[in-house]
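Here is the structure we will look at.
Values quoted throughout were computed directly from the atomic coordinates according to the rules given, and no laboratory measurement underlies them. Predicted model, so just to flag it, every value in this text is computed and none were measured. Cβ placement follows ideal geometry from the backbone for every residue including glycine, while neighbour counts extend to all protein chains displayed.
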Amino acid sequence: MSLAPTLVLAWGNPSRGDDALGPALVEALQRSPWPGVEFLLDFQLQVEHALDLRDRARVLFVDAATAADWSPEEAFRITRVAPAPSASITSHALSPQAVLQVFVDIEDTPPPPCWLLAIRGEAWELGMPLSPAAQTRLEAALAWARAFLCTPP
């Protein structure tokens with residue numbers, strides 16, 4: 001099996017308002033062909049996702065963010081992700097940093113270059129769609145993600 005060099009790994013609950021930002025970004029990107037890109041959606045990051053990083057040139061993690069410390073005009077943030085141990089005592093709901101640490105632990109090699117695209121959300125109610133503000137921020141994040149994917153790894 002041949003893997004795409006770029007993985008876009010998004011998570012969130014499509015039934016909880018703006019928590020659907022990660023899956024919504026991937027669904028919008030999948031409407032166009034992206035040679036060399038594979039997309040993966042889940043409700044939360046888990047230890048098993050470390051295996052999805054194998055043989056990748058790069059990985060883009062995508063999630064919604066509460067953004068309490070962000071300036072009002074920030075729609076999203078991009079951060080480079082490095083391995084870090086999880087503070088959790090369970091294997092559920094890991095951070096991207098913890099997934100990378102699991103990769104290092106099982107593969108005994110550095111992970112591929114990884115970034116986190118965190119999209120600002122504000123409404124998390126069960127059964128609600130994306131808020132109007134989140135929809136606008138999603139469009140801005142999509143423009144960045146498309147440019148990222150057009151750049152070779």
Place a point 7 Å from the Cα of Ala123 in the direction of its beta carbon; the residues of the range 1-33 whose amide N falls under 13 Å from it are 16-20
Among bridges DSSP assigns within the range 1-138, what percent are antiparallel (round to 5)? 25
In the chain, which whole DSSP H runs stretch at least 18 Å along their own axis (Cα) and average -0.5 or higher on the Kyte-Doolittle scale? 132-150
Cα centroid separation - the range 26-57 against the range 105-119, whole Å: 13
Divide, for the chain, the radius of gyration over alpha carbons by 2.2 N^0.38 Å, where N is the residue count. 1.01
Please report Rg over Rh for the range 74-139, where both radii come from the alpha carbon positions and Rh follows the Kirkwood definition. 1.09
Expressed as a rounded percentage, what relative contact order does the chain have, with Cα pairs under 8 Å and six or more residues apart? 32
Relative contact order computed over the range 90-153 (Cα-Cα under 8 Å; 6+ residues apart), in percent: 20
